[in-house]
Structures are given as structure tokens and as C-alpha cells.
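Enquirer: Sharing a structure, written as C-alpha cells. Questions coming.
The values are calculated or read from the model by the stated rules, or taken from the named source; none is laboratory data. The model shown is predicted, which means the values in this text are computed figures rather than measured ones. Cβ: placed from backbone, ideal geometry, glycine included. Neighbour counts: every protein chain shown. Ligands, DNA and RNA are excluded from the accessible area calculation, which covers all protein heavy atoms including side chains. Shrake-Rupley method; radii C 1.70, N 1.55, O 1.52, S 1.80 Å.
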Amino acid sequence: ASRREVVRVLWNVPREKFEEFLKGKKPVLIKKFVEGWKAVEKWKGGGLAKAIGKEGLEKSVQVQQVRPGATFRGDEDARFELKMSLRQFLSENLDKRCRLDVVPSSKSSSSSETSPYETTSLYLAQCSMYESNPSSASDLAVIPELVNDIKVPDYVPKDSIRNINLWISRGLTRSNLHYDENDNLLCVVEGRKFVRMFPPSSTRKLQPFPIWHASANHSQIKSEEKLKDIDSIYANVEAGDTLYIPEGWWHCVTSGVSHSASNYSTRKRSRDEEMRTVAVNIWFRRNICPEHMEKYYLRQLFVSQLQKMKSELASEITVSIGKLSVSSIIHNLLSLKQNIKTLKIRLSTLLHVPFPKLLEAIRECSTKRPMEWKKALSSYDSMSTYVLMDRLEKAELDIGKGNASFVAKIYDNFFHAFQQKDDAKENLQTQAEAVSMIMRKLNVYSKHASLELLKGVLGLDCGGKI
């Protein structure tokens, strides 16, 4: 039988004591750690909105809408994304309005016996307060004003901090089983979270997505029943507490319950038991590698080299194209010919044309020639799809600083061809299908690059299979 241990609990944590857990990469619950923060009193009720300020409240965020008990990020059939301002999300009457507006999936609508009003929850996840080294516009801090209301412990060096994020649950939410690439201090300001953790040594049993997959740090397991025979550690993190989750440790987090959640997967809950949960997490990095973490670091090293390999493979087959007019760029982007010459010209166009000019061409393709753009994108090989999306992501960081609306327009233009103007719900569905198509192609290319990496670095020829 598997063991379910309660996490080690500490009340007073001097630097030397915390270093023991940090070096050993072992979880620990620090009681009452957050009680000295300004945020504890300042963010109560409507205080959080006041702390964010008028300008911050108008910023746009992505909110997840899920059925209670379903998983955030891990269960696409049970969630629905809403784009709104922080002011709207924190509004007292938002909960009811969103519940009535929910668009359930075909699977959930046919099997659910309860109404959307009774069954959906809202989750604002990973809303950035601080980012040390943003890699895209989406990484830029949304609410830096809130950093002054928390206190990072002295035993976490400032130069080791990667991100500080705000998480708010309105109702019951649960994250998919996953691991993070940084050490994590999960600090609960309001409400309660239940966290179940599995050591890196259990990775094989937890059925992670393949290393080349976009969700390589997520488990494919969705049923609690399949986890019952795997050793784990669990923690009830109450308001004022902080949980240290070492990098590489698998964990799933349940938010929004007013009681101990150790039996959350089997017990029915009333609406009265669901509550608002507010938390801050601090991701930081310390280069420590105890023996039980070696497989995790090997996995991370492979991911790092895979990113380089994907760029190298694309660069190797580009050709000189010189300066191109917008009409020539459009011609190269819309070409449906399937031969190596066309591939090389298209890749060279995507890689080397200055981004403002490339964006102008994409905008014209998607708005003036939408059907041709849709056919072209659908016909792109996986390498061209990767280069296009990688170029967009890298460019949006430079363009998007201080201009989030312009970044949004990039993707509005990009997906314009996939939308049906007469029906808002169909717009969302067709755009989701386009995103799914692109993700499939990105995974195909990652798999191809993985095979090339294994062959080139380790001399292993897998015959096209992983």
C-alpha cells in the first residue's frame, strides 16, 4: 500500500534550518509565516482592488472558468477562458454573471445534472507581480504595485528570485498534477489550499507527457484513483502559512474549500463551503542537486538542449532571400506548393524578414485574403509552424512593453481567418480549433527535434520512434 505522509511543519524557521530543507529539496510547511505581511489586512474584502489602483484594475487578464473538481490547465473539456479586466474579476457581482454566461463543452453539457450557475468556479492564475527576466510580453508584471505588500524572507537571496505571482480562486478549483522548474514558496493570504506532492523519483509512475510535448511538466493522469498506490506527501496550507515546494516535485493544488481537503475527490460540497482563496507564490532558483533530483535535472537538461536543436534545424536549411517587398512576403507565406524549394524560401522569409514588415504581411493575409491564409496555415509543415510561432513570441516582448493592446492585435490578426463573424460562440470554437492545430504541429516538430538530438548527441537512432 502507498504511504500518504503529512508534510513536516515548522513554526519558527531560522536561515540555517531552512537551508537544510533547501539543500535536501524536501517540502516543509512554515506556519504563520505570512501573518506579518501588509497584505493580510490590506487585501481583505475590497482592499485588494484599492491596493492594485485604478490603472492596474483596467489591465486585461485571462481567467479560467471550470467546474468544481475539474482541473485548471489539465482538463480542457471542463474549462472555459474568459478575458476581462482585473476590475471585472474582483467585482462582487461577477460570479453570478459569469456562471450564467458559461459555455459548457459537449462532453460536460450532456453528462451534468446541475446548471452552470451551480457548478462553475473562477480562477485567476499566475498573475505576475514581479518577473526577473521576461521571455515574452505575457511574462511582464501585470500588478507590480502589490510587491510592496509582501515580504520575501531573508534566506531567499534577491538575485535568486525568478517570479512573484498572485493567484485567486473564486469557488473550488484544482490544478493539474505537474512540476515546476523553480523552487516555490506558496504563501496563502486568505482561504485555504490543499496540496498533494510526489517526489521526482516517482516521475515514471506519474505518466508525464513526453519530453518533447508542450506540457512536458504535466502528468497525463486525471483520475485520483490512479494515484492511490503512489507514495505522496500532503499539506493543508491555511491563511498565514507558507509551503515550500522544491523544484521538480510533482504537485496538485486544491483551492476554495473551508475544511481539510484530504478527501476532496470523493466528497460532495455545498456552495457555502466554497470560498475565495488568495495566495502569492515566489519562484526562486538555487543550484543544488541532491541525488534524488538527478533524473529531474537530466530531464531539464534535455529540454534546454531541445530548444537549441529546434532553432538549429530550422537555420540549417534557410537560403538567401535578400530584401523582399510586402507583396513578395505575402506570396511566400501563402504558397501552397509542397516541395523543398518552397519550404526553404518560406522558412527564410519567416526567419529573416524584419518583424514589422512580417507583421504587416500577416495582417494583410488574414484580413484581406482570409481563406487563402487559412489554407496556407493549415498546409504548413511543422518546422514552418514552429518558426512562425517562435518569431511571434520573441517579437511580442519588445513590441508589447507598455502596449499590451498592440500585442493582442497581433493574435487577433493572426486568427482572424478562422473566425465566423456572425456567431461569437463559433468564433471561440473555430479559434480553439486553430490553436489546437498549431499545437499539434508544434509537438510534431518537437518530437522530430528530439530524435535528432538523441541521434546527434548520444548516437541513438530510434528509427523515427520515441
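Enquirer: On the basis of being under 25 Å from residue 448 (Cα atoms), assigned to a helix (DSSP H, G or I) and open to solvent by less than 30 Å² (accessible area, probe 1.4 Å), does residue 313 make the cut?
Expert: So residue 313 passes the test.
Enquirer: Which of the residues spanning segment 1-36 are in a loop (DSSP other than H, G, I, E, B) and either under 20 Å from residue 154 (Cβ atoms) or touching a helix residue (DSSP H, G or I) at 6+ places or on another chain (Cβ under 7 Å) (or both)?
Expert: 11, 12, 13, 14, 25, 31, 32
Enquirer: Now, a different point. Could you check segment 145-249 for strands (runs of 3 or more DSSP E) lying wholly inside it with 1 or more residues that are closer than 25 Å to residue 9 by Cα and touching a helix residue (DSSP H, G or I) at 6+ places or on another chain (Cβ under 6 Å)?
Expert: Here the list reads 183-190, 242-245.
Enquirer: Could you check, for segment 382-390, whether at least one of its residues is open to solvent by 20 Å² or more (accessible area, probe 1.4 Å), in contact with a helix residue (DSSP H, G or I) (Cβ under 6 Å, 6 or more places away or on another chain) and modelled with pLDDT under 90?
Expert: Checking segment 382-390: not a single residue is open to solvent by 20 Å² or more (accessible area, probe 1.4 Å), in contact with a helix residue (DSSP H, G or I) (Cβ under 6 Å, 6 or more places away or on another chain) and modelled with pLDDT under 90.
Enquirer: Could I ask something else about it? From the list 204, 196, pick out the single residue that is of a type in the set (Lys, Arg) and closer than 30 Å to residue 153 by Cα.
Expert: One residue alone meets the criteria, 196.
Enquirer: Same structure, new question: Inside segment 219-245, can you point out the residues that are crowded, with 20+ Cβ neighbours inside 10 Å and within 18 Å of the chain's Cα centre (by Cα)?
Expert: Correct list: 219, 245.
Enquirer: In segment 281-309, which residues are open to solvent by 30 Å² or more (accessible area, probe 1.4 Å), outside any helix (DSSP H, G or I) and out of contact with any Phe, Trp or Tyr (no Cβ under 9 Å at 6 or more places or on another chain)?
Expert: 285, 286, 287, 288
Enquirer: Filter segment 28-58 down to the residues that are under 30 Å from residue 199 (Cβ atoms) and surrounded by fewer than 17 Cβ atoms within 10 Å (Cβ to Cβ), then identify the one that is modelled with the lowest pLDDT.
Expert: 35
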